[in-house]
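Some notes on the structure that comes next.
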Amino acid sequence: MTEQLPPDRFDEVRREWIAFRQGDSLIQRRRAEQLGRIVRKRQRIQTVAVPDPHDDTVLPRIYWRQAKSRVAQAEAVAVLVIAALLPLGWPAGWMLKSKITSLIPEMLRGYPIAALVWSGVGLGVLTVLAYEIVYDPAGSFGQTAVLPWLAMQLAAAPFVAGVYGLLDGWLAVEGSAQWWPLTPSKKPLTAEDAAAILGAYDMTAPAVVEARPLNETRQETWP
């Protein structure tokens, strides 16, 4: 059962952060429920605890849910609009998010939200400036429409990955506000460190003659 679980990537603190700020969002509620299920399964394996199995229920994906409430309808409309505007940038951002997440906690100790968001903003600004420089009203449809659209998809990839970091609760993890939070390298254990942890090793050899106090009285025997 252990190999079926992903590594613990601060699941408990992220779940708590999402659940506290989910509000009426069903998308965020599903994220919190998914993390909660993983946390409870890990608890069962490690401590033989038996949490309530009814807590393991998770909302279905958004395209399987019936949008009856206004919140669900608003979320469905937002997803459709984003999918229409960023049909390439959204999947690319999701794949970038998955790749970066796989580096935690071995290589990264947090999710670089700031680096991703500002990279997307910077690419977007460069795209607008380049478009203003090379814009030709008499150009072809590909030059005036398709090329800027592709550039927007490229800029959207890191921005979407950064937004995923916010939605997945990585702000609750220390270091995620930094640009590239690397995991500190493990310091090699020296003999001094081992002695401080385990105690000094007694190198004194056993005595040849048993030591006795000088004032100890004992009965002498004649040969």
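Bear in mind these aren't lab numbers, they're just calculated from the coordinates by the rules spelled out. Remember, predicted model here, so these are calculated numbers, not experimental data. Cβ: placed from backbone, ideal geometry, glycine included. Neighbour counts: every protein chain shown.
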> Each residue of the stretch 30-44 in order: what ³J(HN,Hα) in whole Hz does its phi give by Karplus 6.51 cos²θ - 1.76 cosθ + 1.60, θ = phi - 60°, with x for Gly and Pro?
Replying inline: 5, 4, 5, 5, 5, 5, x, 5, 5, 4, 5, 5, 5, 5, 5
>> Under 27 Å between alpha carbons, and skipping anything fewer than 8 positions from Lys41 in its own chain: which lysines qualify?
In response: Lys97, Lys99
> Can you tell me the Rg and the Dmax, both Å, for the Cα atoms in the stretch 7-85?
Replying inline: 14.9, 48
> Over the stretch 87-184, what is the relative contact order in whole percent, taking alpha-carbon pairs under 8 Å and six or more residues apart?
Replying inline: 53
> Amide H to amide H, which residues 5 or more places from Leu108 or on other chains are under 5 Å from it, using H placed in the peptide plane?
Replying inline: Thr183
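Counting other beta carbons within 10 Å of each residue's own, what order do Tyr111, Tyr164 fall into, fewest first?
Details: Tyr111 31, Tyr164 21.
Fewest to most other Cβ atoms nearby, the residues stand as Tyr164, Tyr111.
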>> Among Ile27, Ile38, Ile82, which residue has its Cα furthest toward the positive end of the charge dipole of the stretch 7-85, with +1 on Lys/Arg Cβ and -1 on Asp/Glu Cβ?
In response: Ile82
> Short version: ³J(HN,Hα) in whole Hz for each residue of the stretch 160-168, in order, from phi by Karplus 6.51 cos²θ - 1.76 cosθ + 1.60 (θ = phi - 60°), x for Gly and Pro, what are they?
Replying inline: 5, 4, x, 5, 4, x, 5, 5, 7
